[in-house]
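Readers should treat all values here as calculations from the given coordinates under stated rules, not as data from a laboratory. Owing to the predicted nature of the structure, the values given are computational and were not obtained by experimental measurement. Because the Cβ atoms are built from the backbone with ideal geometry, glycine has one as well, and the counts that use them run over all protein chains shown.
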């Protein structure tokens, strides 16, 4: 049975906000920039306590990225925050040229990612951001699963030298990881061991994968659940170790199937250890306005969808 307990629901963006404030108190080189969404990004506490180290750029995301890149030259560690769609699609050119190409120590912090942005709809729901960011050389891409892990990830990226894309969300979701956890960039975490199918999940779908694991066990299928919080660099050793044991795989993510986590895992498996694989992801569609849970259900990203994918992968292995 599942060994993790839901400690209550919290939004992952608040984990980022709390960590940013604590970082500001311990490192005077930490600076923050925001594009007119300070409250939504939970950066307001930092802005209030450190007004001389906070820049409100307004609705000018490209300018924000340029400023952040420039600040690194003076030894500052800039955390630039806005919605995921505006943090990537709107400013891809600036990120590519001024941050990734130059290997600047900029932390791009993107909230309101995926479908669970909810009622704001397709124009604000970012389902392509992971693909865009992971294709950039030198860019690290992180997608934590809950409040505690987002907070830990924020501390970790402050120490990391180089550009980072940190993705988190708006809704309150299950908070189940330890509050004193060590976050190691590029090191996946096996949350539940199993022998029949490997489920590689990221972000909000990690808890869904753990729920699916319980249902599958009741049906005689022992699933292994691996939290891929770092999509780039991918922990290929963990992926391959798991599938060599189980013989089949499922990826689960709140992102387009094209360019996401599943895409990265499939590339690794094709190169080193081909096995049957199913992907739980958005199937080449834009989102729409709706309640977060309703959208996850409609777009096939809920617990029953992970169960169905795992059973299909298991059956393909066994046939």
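The figures follow:
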item	result
DSSP bridge pairs, the chain: antiparallel proportion in percent, nearest 5	20
Principal axis dimensions, segment 189-318 - Cα atoms, whole angstrom, descending	41, 34, 25
Antiparallel bridges, percent of DSSP beta bridges restricted to segment 11-174 (to nearest 5)	5
Crossing angle, helix 12-26 versus the chain [Cα axis fit, 0-90 degrees, rounded to tens]	40
The chain - mean residue ellipticity at 222 nm from DSSP helices (-39,500 (n - 2.57) per run, n ≥ 4, rounded to 500)	-11000 deg cm²/dmol
Distance between segment 204-266 and segment 116-154 - C-alpha centres, whole angstrom	17
Percent antiparallel among DSSP beta bridges (both partners in segment 189-318, rounded to 5)	20
Among 141, 270, 226: highest mean-square fluctuation, GNM of the chain, C-alpha pairs under 10 Å	270
Relative compactness, segment 11-174, computed as alpha-carbon Rg over 2.2 N^0.38 Å	0.91
Sorted by Cβ density within 10 Å, fewest first, the residues 101, 165	101, 165
